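Every read-out reported here was derived from the displayed coordinates using simple, explicitly stated rules and does not represent laboratory data. Keep in mind that this is a model prediction, so the values were computed, not measured. Methodologically, a virtual Cβ is constructed for each residue, glycine included, from the backbone with ideal geometry; neighbour enumeration extends over all protein chains shown.
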Amino acid sequence: MKKIAALLLGLALPLSAQVMGAGIDTDPSAMDRSGVIFIEQVLVDPNGDETLEDIPEMIQVINAGDADKDLSGWVLAISQTDGSTSKWTFPQGISLSSGRHLQVYWGTVGEISEAIVHTGPTNLTRLHNDGGDLALFNASNVMEHYVQWAQAGNTHEADAVDAGLWNIGESTPQPKQAEILQYNGSGFSANAWNLLSPQGPTAVEGSTWGAVKTVEHQ
């Protein structure tokens, strides 16, 4: 039996939404997956004009493992309406400490720190407000985590289903402006995601994270 201590303590967000953490079940059969790096939050539709560099969309990832993790060469990818993919690759030297969060500001310019990274003014497609998806791949091009909102059938859905990271045909509700998609650690499906308002979690029964939990698996 292997024990993974998943320390998921909420990091203060620009929208003042703060969350707590819990243990996350991992799939021991997926030997090429780290099983400890997850998409924790996605701000799909921020307040204001998203085309402006000072109003970024935000993706937060978390290291739920008990050791630091090198994210060099990892990839965040979203599906486009024509079936292609828009990707951003973590630069060399990006490391995420055990139990820590990293906020990725999508399409903006800024300094890289231990807690924040900016993708820069690349040709990235914006997150689709009315329905889209987001996939996280490791440096070996193995999918680590996945979410799709408001509509099913996005480009990465089939691969996520094959990887045991999603259920076919599922999607979360569409986030309203300034709402955050929050992973609650309860598995790999649409039910594992909640919506947070700018002031905090919406009323979803059984959705809150525990403080610290140890997960055992083979």
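How much net charge surrounds W88 when only the other residues with a Cβ under 14 Å from the Cβ of W88 are counted, with Lys and Arg +1 and Asp and Glu -1?
+1
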Total formal charge among the other residues, if their Cβ is under 14 angstrom from that of E170, Lys/Arg +1 and Asp/Glu -1
-2
What does the charge count near A152 come to, summing +1 for each Lys or Arg and -1 for each Asp or Glu among other residues with Cβ under 10 Å from its Cβ?
-3
